[in-house]
Structures are given as structure tokens and as C-alpha cells.
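First, the structure itself, so that you have it in front of you.
The values are calculated or read from the model by the stated rules, or taken from the named source; none is laboratory data. None of the values given here were measured: they were computed from a predicted structure. Backbone-built Cβ (ideal geometry, glycine too); neighbour counts: all protein chains shown. SASA here: full protein model, heavy atoms, side chains in, ligands and nucleic acids out. Shrake-Rupley method; radii C 1.70, N 1.55, O 1.52, S 1.80 Å.
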Amino acid sequence: MFVHLLLAGSLAVSGAPLARTAAAPGQPCSAPYLIDERLPNGARWRLCWEMRTIEGLTVGRVAYTPPGHQQVGVLRSGALAQIHVPYDSGEPRYHDIGSLGSAAVALTEADCPGGERRGQYTCVLTRARGHAFLKDGFGDPAERRSAQGRELVVLSAYQVGWYTYIAEWIFGDDGSITPRVGATGSLAGTTTAPKHGWPIGVGRKHFEESHSHNIFWRMDFDIGGKARDVVEQYDFSGNRTKKRSMIRTTLTRETKALNWPMRWWRVVDPRVRNADGHAVSWEINNSGSAEYRGPSDEAFTHSDVYVTQYRACERLATMNPSPRCRTSVDAYAGKERVKDPVLWVNVGFHHVARDEDADPMPVHWQGFRVTPRDVTARNPAASAGPSAPPQ
Amino acid sequence: MRRSWVLAGATLSAAVVAGTAMFLSGGEPQASQVQRQPPPAPGDPLSQDEVRRATEVATASSRAHMASGRIELLYVEREDDKAQDDRRAEAYLYDYADDALIVRTVDLAEGKVVEESKGRGVQPPPSKREELRAAELLLAHPKLGKGVRAEYKKASGRQLRTAADLQLRGLIFRDAGACRTHRCVRLFVRLPDGRFLDTSRIVIDLSAKKVQTLEW
Ligand SMILES: [Cu+2]
């Protein structure tokens, strides 16, 4: 009885477990926590999801099977790691995680079009993603190649104050992963000086305060298992010159990395090879960030991508709730040798309100792309899919 | 920026936000209806039974302190440590007398606490119960409580009965003053007409049971 009372008062509502069916042999999780989707072009994604009290929707044990290929493990886990919202006048400065698990919004059928709701708070669906490829046949219809792509989406939404955040994990039939968050709901409604805001409503009386949404994701890559994964940074030298030369930097130690024109990173397992003998990797590109840099007591905003050695208790980018670990990602990224990398991606969006943001505010999205690089020896979708020509 | 801890001059007005979103309550209906469940797979969240057992084990040594209100169970999470093959749960408890977070790791097969860590200055998000307690402290504040009641009356035409009438969301605040070591919460308070109270300057110190107003 005592325990029962405790649970009633403290447990996150949306964290309440759902009815399970036994996991099939070899599957890492049971229904309804298993997502196993074969997209029309033959690409298959298998993963487990969990609604955690603090991080909310978490994807785990993510594996990709390119059409006609063997399955390869990609992520051990992926989750939101913070939503930092500093206002332009300097205050307030919110850390919106938060107990996302208990802030989850119950989703309706309309919120999950054509998909399947897993419990009340998570939606699994597939949708069109536009052209997968298009190549003219130069008059020969048999040579013409065109296909429409699809993607698997796992999403949840959270109500944090006046904001609603929609968190999506998008798994493309091209092997890409796109984590993104859409902010909607309502503006804060706080008035500020003209230099910190934008006039909304009639005339120039209400200056809605501008602010940033600095969103952090934590991704624990385990390409074909946790061993041997290496992170590399790619740069291309040449400024106001005709030539560009590639510079590869292997990040053997923990790193605080900055965005830079043309810069990208990849996580590679040199022992997992495609049919061409090239090492399998996933590439991370974070070029869409507003690159907010806060004061010295917000050093976690000072880099765009952090590479750290895996530690189970390092889960949030700020306000990390573990006495065994440091409290923010800039402190995790010390000098340790990286044997099992975790990537933290910080994507900022500077929100200057506009009249269109009147209630309910249109969604503004932010996120980044994780794309396969040499996972297959060629375009695995080229000979598959309903719109591909007969062979 | 200037930040000080003054109570005087605090104003409380409702921000002009016609929020359409709702804070939701109510459990997953499926959960309680299910009697027999197959054993969880490694990647499954904690089952109801596992949460119950982990809570029992993790709180066994703290019952007296919990009954007196000194220690609060915040939540129980699945331990997601890939080095561990066993099913493990982490119970988060907060010790208000010590202002310290206690995390107890429970091995579910063994049915015992296998690891305990305790630290100060570490603040996990507030539990539902703490959000409610923060709102009660706000309502008990002579000036601010009156303001909240007046805004509630204006929004609903009814008298506010208890803190539970308000739609609450709490975030930890630890940027200044006593809140660097205490457990402090900033509340979002949604009124029945969809407006939010302007609570951005109000911080509720759960450790000291005090309401503070930030100045900037
Ligand atoms: Cu915004």
C-alpha cells in the first residue's frame, strides 16, 4: 500500500507501461515497443522506442537493412538532450527538459495520419518524402529512372509551458536519419523593449520578445556493435582559390567541435565494409544552426557538436540528473580517449516573432541530417521499389 | 544584468496568451487492465511490476524519512547502461534535509540495491507532487497568492479551491542565490481561459519553503 501511494504521486503519467506481447526470438523488444518497418523500396528499419520520464521519446537499438542487404546496427540510442530557451533581453533562460515524459501530449488519430498510435503519446507512421531519384531516359522510356521515396516517422509531442514541441525521428528509405523538433503552441506573450523584440498585434505597442531554442540531441552510435567506432571530421581547405583539398581529422579524443563552411563529421567502423571494401559510416551535417553562443556560465552553448566517450550517466546536455556524472556536455567533453563515441548535436533557432505566429503558432522546425556513407556499394534502391522499371 | 532576491514589488499579471494546448492527465488505460504479462525483453521499458518492485527495494531504507517528508521519491527509470545485461531500475530520491539527490540502482533479478550515489547541486526535474507543492507555496504567499486567486477568478468565474485546480508545469531553476544549492522550481501556470500567468520571475524554493521574486 505504501508503495502504491508513492507511485500514485510520483510516476510520470505517460511513462505508464503498455500491455506487451512476448518479444519474438532475436528481437530486442516486444510489441508495442518494437518498430519494424519495411518501406516500399525494400529498405527496413528496426528499432525500439521508450517514453522516458526525463528525455521523453527515446529510440534504441536502431538497425537499418538496405534493400537486398544484411542488417547493420546504427544507433544504440537517440534522444533529446536539452531544449535551452534564452530570451534576448537576457532573462528568462529556460531549460525546457524538464520531465518530457510527463509533459507528453495525448495524440489523436488526426495527429497520426495513416499511422499507428502506440499508447496515447507516440505515433508511428510512414509518409512520402518526394523524389528518391529522377534520371531522364533521353527518349528511351526503358532507360528513364524515377522513384518516389518514403520515410518512417516516430513522433511524440510535449507541452512545456505555452510551447508545444513535436519531436520526430525520421528514418528514410535511403538509410538517412533526421532528428528534428517543431515548436508550436503559443508565444510567451511577454513584452520587451523594441530592440529585443518584434511588434505583433495591432500597431507598435506589443513587442514580443525574441529568443533562441537551442536544441541538443544525444546519439550513441554503435555501427555493427559498439566496438571500433571512430569519429572523423572533414574539412576542405581553399579560400578564394579554385582548388579545394580534403583534410581528414580523426577525433581520437573527446572534442568540442564547431560548425564551419563545408565541414561535416562521420562515425565509421573501419572493420564493417560494404561490397566495394569501403568502411561503413554515417555522416553528420549540422549546417542549419543559428549557432547561439551564451555567456561563460553557459559553456554548453559554445560548440555545435560534441564527441564524448560513452558513459551511461551522461544523458542530458545540461542539468544532467546524475550524481555520478558531470552536469553538462561541455564538461563531459574532456580529454578522454574515445573508444565508444557518443555525439551531441546542438542546433539553434533564433525565433523573432511575426504576426503569423498568432495563436496557434505555426510550427518552426529545427534538426539535422544523418546520412549513410558507403553503407552499400551502390544506390540500394536503384533496382527496387514500385516505380522502378521492370528489370 | 542585476539579479536580487526581493519579495517586495512583485507583480503578477496574466500574459496575454490564448493558449489552446492542454495539460493532460490520466493514465494509459491499457496498463492497469492487463493481468499477466510476458517477461520484458532487454529493450522494453520497465513493466508496472518492475516499477513496483524497484520502488519497494529502493525505498526500503528511507521509509521513515519519506513519511516525514524529508525524502521524496521523484521517479523510477529503467537504467539504460549498455554495459549491463541485467534488467536494472534507477530510483531518484531527493533528500531535502541534505539538499542532495540520491540515485539507487536496483537489480531487478536480485531484488536489491546494487549501487547508490548521492550528490549535491544535482537537480532532476520536479515530480508532479513537487509541482503541486510549489503551487501551494505560491498560493500561501500573501501577495502573490492573492494575485493568483484573483486571476483564477477572472479567468473562470469561480473561486480557486486548491492548487490542483491550476494546470501546472515546473522546471528547475538553479541560476542564482540559494537556488544554486536548494531545490527550486519555476512554474508555468495555465488558467482555465487558456492564459498563462506571468510567472517567469517567480521562483519557489522547495528546500526553504519560500517564494522568491527575481529582478532583472
Ligand atoms: Cu520560439
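So, taking all protein chains as they sit and a 1.4 Å probe, how much accessible area belongs to B:Asp80, in Å² rounded to tens?
The value for B:Asp80 is about 20 Å².
So if the hydrodynamic radius of region A:62-149 is defined as the Kirkwood radius over C-alpha pairs, what does Stokes-Einstein give as its diffusion coefficient at 4 °C and 1.567 mPa s, in µm² per second?
71 µm²/s
In percent, what relative contact order does chain A have, based on Cα pairs under 8 Å that are 6 or more apart in sequence? Before the final figure, lay out each step's value.
Working: 966 pairs, mean separation 65.5, N = 391.
Averaging sequence separation for qualifying contacts and normalising by length gives 17 percent for chain A.
Using a Gaussian network model on chain A with a 10 Å cutoff between Cα atoms, which of A:Gln148, A:Gln70, A:Gln159 fluctuates the most?
In the Gaussian network model the winner is A:Gln70.
What's the average, rounded to a whole number, of partner chain beta-carbon atoms within 10 Å of each residue's beta-carbon in A:42-54?
3
How large is the accessible surface of B:Lys209 in square angstrom, using a 1.4 angstrom probe and rounding to the nearest 10?
140 Å²
Averaged over peptide A:89-98, how many Cβ atoms belonging to another chain are found within 10 Å of each residue's Cβ?
Mean partner-chain Cβ count within 10 Å for A:89-98: 5.
Run through region A:259-304 and list the trypsin sites (Lys or Arg not before Pro) located in a DSSP loop whose Cβ has at most 15 other Cβ atoms within 10 Å.
Working: sites: A:Arg263, A:Arg266, A:Arg271, A:Arg273, A:Arg293; in loops: A:Arg263, A:Arg293.
The qualifying sites are A:Arg293.
As a test of understanding, state the convex hull volume per residue of the protein assembly as shown from its alpha carbons, in Å³.
Once divided by residue count, the hull of the protein assembly as shown is 187 Å³.
Moving to a separate point now. Between B:Glu116 and A:Thr252, what is the FRET efficiency for a Förster distance of 45 Å, r being their Cβ-Cβ separation, to the nearest 0.05?
0.85
Could you put A:Asp174, A:Asp136 in order of accessible surface area, largest first, with the 1.4 Å probe and the full protein assembly present?
Ranked list, largest accessible area first: A:Asp136, A:Asp174.
How would A:His364, A:His206, B:His65, A:His84 line up by accessible area, probe 1.4 Å, largest first?
Ranked list, largest accessible area first: B:His65, A:His206, A:His364, A:His84.
What share of all Cα pairs of region B:39-119, in percent, falls into each consecutive 10 Å distance bin?
Binned Cα distances yield the sequence 19, 52, 24, 5.
Could you sort out which of A:Lys205/B:Lys154; B:Lys82/B:Lys128; B:Lys143/B:Lys210; B:Lys146/B:Lys210; A:Lys205/B:Lys143 sit more than 21 Å apart by Cα distance in this structure?
In this structure, A:Lys205/B:Lys154; B:Lys82/B:Lys128; A:Lys205/B:Lys143 exceed 21 Å between Cα atoms.
How do A:Ile247, A:Ile35 stack up against each other in accessible area, from largest to smallest, with a 1.4 angstrom probe?
A:Ile247, A:Ile35
Taking the solvent-accessible surface of protein heavy atoms with a 1.4 Å probe, what is the per residue accessible area of region B:39-119 in Å²? Present the calculation step by step, with values, prior to reporting the outcome.
Details: 3100 Å² over 81 residues.
Here the per-residue accessible area is 38 Å².
Anyone know which of A:Arg315, A:Arg324, A:Arg44 comes out most mobile in the 10 Å Cα GNM of chain A?
Sorting by GNM fluctuation, first place goes to A:Arg324.
When the scattering of region B:128-213 is computed by the Debye formula from its Cα atoms alone, each counted once and equally, what is log10 I(q)/I(0) at q = 0.14, 0.17, 0.22, 0.25 Å⁻¹?
So the normalised log intensities are -0.42, -0.62, -1.01, -1.27.
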